[in-house]
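Only one structure is covered here, and it is reproduced in the block below.
Readers should treat all values here as calculations from the given coordinates under stated rules, not as data from a laboratory. Since the structure is predicted, the reported quantities are computational estimates derived from the model, not experimental observations. Every residue, glycine as well, gets a Cβ built from its backbone with ideal geometry; the counts of neighbours run over all protein chains shown.
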Amino acid sequence: MVFCCTILVFVRQSEYDIVIIGSGLGGLLTAVFLAKEGMKVCVLEKNKQIGGCLQTFALHKKVFDSCVHYIGGLGEGHTLNRIFSYAGIMDKLSLSAFDTNGFDRIAFGDEQIEYPQATGKENFIEQLLPFFPEEKAALKKYIATMSEVTSHFPLYHLRNGSADEKIAVTSLELSGTLQHITSNKRLRNVLAGNNLLYAGVENVSPFYLHALVLESYLHSAHKVMPGSSQIAKLLWQELQKHGGEIHRNLGVTKLVEENGQICYAETEGGQRFYGKQFISNIHPAALLRITDSDLLRKAYRQRINGLEQTQSAFMINLVLRPGTVAHRDYNLYWHRTDDVFIGATNKAEWPQTYALYFVGDKERPGFAESLSILTYMSPVQTALWDTTENHSGRPTERDETYESFKQSYADQLFNKVLERVPELKGNILAQSVATPLTYRDYTHTPNGALYGILKNVHEPMKTTIATRTRIPNLLQTGQNVNLHGVLGVSITAIATAGELIGLDYLLGKINS
């Protein structure tokens, strides 16, 4: 009889100044900020591809974004432009601008009208006014309210400030604030029509969430070409330039504490990465699973593990037959009814909403080469396969019932989109489908939540995650701290790095 056993050999790596768990945008930017200060930085990533929500994939030789289809605030002088410029990547990005008279269009039911959301605050009003001629005062009030609310968020404007500044506006609820601005229900639904950008929930989501996301697009709206992974690749290059490292295919299984501080991060293969400071760029609930430190008290663990997450998603990515489908240089958000919030919670009639993201064909101007269709999907729909895992670090084929499930819902969603874009019929060369499990496995968020923790206007403190933890040398960054999205995560990276090198010092460098 032969007995086999696996011997796990623990290998001690070099000691670093900074060890970062997760190579999403927050982790990469924080790494670059600190490496530029001469710190020895190491980033550990469980997947083969870095970038978190910036990941892309190829299908039929076409590049698709997994999560980030377009970005606001990249225009000259705007917040994200200045952050990326300091990080050393802005002038290297290849960008495609959307239609300034309507980067997003909002549609309802069978109606052919597409309401534009335009770049520029005055232009935003001007483009919507023909559809709502009696609502000029309301549109001006909306823009003014949005500007007033965002002015209370110092880091959004790259300045230091007190957390007390936010208190005056954090109690404003999104749907209620829109009702206060206008009694016109259709206008309210148009203004919140692209809430797939933040998975807004009626009577729950704060207005500041809407304002911070939308105002950045009013400054500018761009798509990164050929895909958002360019941001991650460029940040990796900058990190290497300053002596930093990224180790891929290394999932961290433990953060080991000694004498009240994290001593090392241990990976699945037994490698140990020692550091002076540790930064978590993974979901707070995932962080709790890899450290059993008593400094993170039971009440804190219960709070984090009990937080509601944003809704998950279902997405079809389509490669189009060349020269058959007209390109739209805008994104389209469709709603089944005159209620743009119902899609995030209603499970009775699916889909309640969807978004269309077209990519133009360079070789055939005026036509699209690919299309991504995004809608909400509850993780309950994929609960049957919750125990399975499938990503680049652990590729596993799920069973035929899962494939049938995906195809059934893909057909249902595609047929609904056909009603608005009939030229798609018969012109699909290739297709891939993502479910809540895809988002869960590749972004490491509970249930594949689109934007992590759901911000609740009625419980602002409970749903706000701090950069600092009770473990002195453990910080957090990423979409669950402060704000999600490329701009939100970039701002949070400043806050996290600022804890170590001084916020005023870092802002001074970015603004210089």
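Selection among Ser220, Tyr142, Asn203 by position relative to the dipole of region 130-235 gives Ser220 as farthest towards the positive end (Cβ unit charges, Cα centre).
If each residue's Cβ is checked for other Cβ atoms within 10 Å, how do Thr100, Thr291 rank with the fewest at the top?
Lowest to highest Cβ neighbour count: Thr100, Thr291.
Semi-axes of the equivalent ellipsoid of region 322-459 are 27, 21, 15 Å, computed as sqrt(5λ) over the eigenvalues of the C-alpha gyration tensor in descending order.
For Glu423 and Leu129, the FRET efficiency from 1/(1 + (r/R0)^6), where r spans their Cβ atoms and R0 equals 41 Å, is about 0.85.
In order along region 478-488, the phi-based Karplus estimate (6.51 cos²θ - 1.76 cosθ + 1.60, θ = phi - 60°) of 3J(HN,Hα) comes to x, 5, 8, 9, 6, 8, 8, x, 4, 5, x Hz; Gly and Pro are listed as x. Dipole size of the chain about its Cα centre, with +1 on Lys/Arg Cβ and -1 on Asp/Glu Cβ: approximately 680 debye, rounded to the nearest 20. For the chain, the relative contact order works out to 23 percent when only alpha carbon pairs closer than 8 Å and six or more residues apart are counted.
Which ordering of Val63, Val380 is given by a fewest-first count of other beta-carbon atoms within 10 Å?
Ranked by crowding around the Cβ, least crowded first: Val380, Val63.
Across region 17-175, counting alpha-carbon atoms alone, Rg and Dmax equal 20.0, 60 Å. The Rg/Rh ratio of region 228-348, with Rg taken over Cα atoms and Rh as the Kirkwood radius over Cα pairs, comes to 1.11. Sparse packing (at most 15 other Cβ atoms within 10 Å of the Cβ) combined with a DSSP loop state is found for the following GluC sites (Glu not before Pro) in region 326-431: Glu349, Glu363, Glu389, Glu397, Glu419.
3J(HN,Hα) couplings calculated from phi for region 298-310 with the Karplus curve 6.51 cos²θ - 1.76 cosθ + 1.60 (θ = phi - 60°) are, in sequence order, 4, 4, 5, 4, 5, 4, 5, 5, x, 5, 6, 9, 5 Hz; Gly and Pro show x. Note on Glu76, Glu126: ascending count of other Cβ atoms within 10 Å places them as Glu76, Glu126, the fewest first.
Derived scalar couplings between HN and Hα for region 229-242 equal 5, 4, 4, 5, 5, 5, 5, 4, 4, 5, 4, 4, 4, 9 Hz in order, rounded to whole Hz, by the Karplus curve 6.51 cos²θ - 1.76 cosθ + 1.60 (θ = phi - 60°), x for Gly and Pro.
Pairs of Lys residues in region 16-74 that lie 8 or more places apart, or on two chains, and have C-alpha atoms under 30 angstrom apart add up to 7.
Summing charges over neighbours of Tyr330, with a neighbour being any other residue whose Cβ is under 14 Å away from its Cβ, gives 0 when K and R count +1 and D and E count -1. The trypsin sites (Lys or Arg not before Pro) of region 233-325 meeting both criteria, a DSSP state outside H, G, I, E and B (loop) and at most 15 other C-beta atoms within 10 angstrom of the site's C-beta, are Arg248, Arg297. Can you list the lysines whose alpha carbon is less than 24 Å from that of Lys121, not counting same-chain residues fewer than 8 positions off? Candidates past the 8-residue exclusion: Lys136, Lys140, Lys141, Lys166, Lys185, Lys223.
Most simply put, the chain has about 70% antiparallel DSSP beta bridges, counting only bridges with both residues inside it.
Selection among Thr100, Gly306, Gln112 by position relative to the dipole of the chain gives Gly306 as farthest towards the positive end (Cβ unit charges, Cα centre). Relative to its Kirkwood radius, the Cα radius of gyration of region 142-215 gives an Rg/Rh of 0.97.
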